[in-house]
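All remarks here apply to the structure that follows.
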Amino acid sequence: MLVQYSEKLENALEDFLKQEKKICTAELYSIIENIAKTGMTCYPWRLLKELLYFKINEIFEIFENQLEQQTQQQQTGTNVTSTSSSSSPTPSSPNTTKTNINSSGNSLSPMVGIVNGKDDEMMKIKNQLNISGLLKIKSQFQINFMDYREPPFTIQRLCELIIDYKMYTSFSKYLCAVEKMGTVTSTLPPLTPQEVIEYNKNQSNIMSSENTSSSNNSPRSPSSHQFSNFQQQQQTNFDYTTSFPSQTQQQSNQQDTDQEMTDAQE
């Protein structure tokens, strides 16, 4: 995969930085996609950092809204249960103790409504603590990320997380994956335009060499004459071997990514 650089995209990044209401266009998004595939950056970090920061925060907001909706649904369901269990369908006389009646007609202790109320409060506190903890992790990542003076060594994986965020089923799982990308201290300086040319030239040579090697190692169809000779030599000790291309490092990386996707969906 070649690194894509153009002055047009760099100017688009400059314009994005100046926008009050920022919008990530398709051409800007292509920069993130290229980094996710190559692991290399070629634009000034001060510009690229703003684009990545914007996209990550957009995704954070999506997960936060989902979490808020889930929390509201849980609280609504708990309140409905508490209300139905604490209501009394029959009036109590002045001389008797007030009791609650459940749906099966059995009397309930007057303490049931109080217990349910405490459960509601505990649930709210638990949800608040959970959300508060996640927001603290998010805030720390944002600080760490903006403190980078050059792209972090994990920039490729970070861009993959921006593109493939939908594979994560919860805010906590996604946030933990992103947070790890902001704890590294090693950086990977962007390529200059001249370095991009050299890099792409080397990549082209590598791909051309791999294609040639694959073509030479592919099994060939025997001609009719060769096939006839093959039949004649079946009576003798004839060895017919076929060589196949060895596995590449990209296949190994793909297996690691597949395993991570499986873990995220569990």
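The values are calculated or read from the model by the stated rules, or taken from the named source; none is laboratory data. What you are looking at is a predicted structure, and each value in this text was computed from that prediction instead of being measured. Cβ sites come from the backbone with ideal geometry, for glycine too, and all protein chains shown count toward neighbours.
See the values below:
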| read-out | value |
| --- | --- |
| Residue under evaluation N79, criteria (1) assigned to a helix (DSSP H, G or I); (2) modelled with pLDDT of 95 or more, criterion not met | (2) |
| Lone qualifier among E64, E14, E33 - being farther than 19 Å from I162 by Cα and in contact (Cβ under 8 Å) with a residue 24 or more places away in the chain | E14 |
| Condition broken by K49, with the remaining ones in (1) part of a helix (DSSP H, G or I); (2) more than 20 Å from the chain's Cα centre (by Cα); (3) modelled with pLDDT of 95 or more satisfied | (2) |
| Residue check for I143: surrounded by 16 or more Cβ atoms within 10 Å (Cβ to Cβ), modelled with pLDDT of 95 or more, part of a helix (DSSP H, G or I) and not polar (S, T, N, Q) | no |
| Count of residues meeting criterion [surrounded by 15 or more Cβ atoms within 10 Å (Cβ to Cβ) and not acidic (D, E)] in region 193-207 | 4 |
| Enumeration of residues in region 1-46 that are within 12 Å of P151 (Cβ to Cβ), β-branched (V, I, T) and assigned to a loop (DSSP other than H, G, I, E, B) | T41 |
| Candidate set from region 155-192 (those that are more than 23 Å from E10 (Cβ to Cβ) and among the β-branched types (V, I, T)); member that is surrounded by the most Cβ atoms within 10 Å (Cβ to Cβ) | V178 |
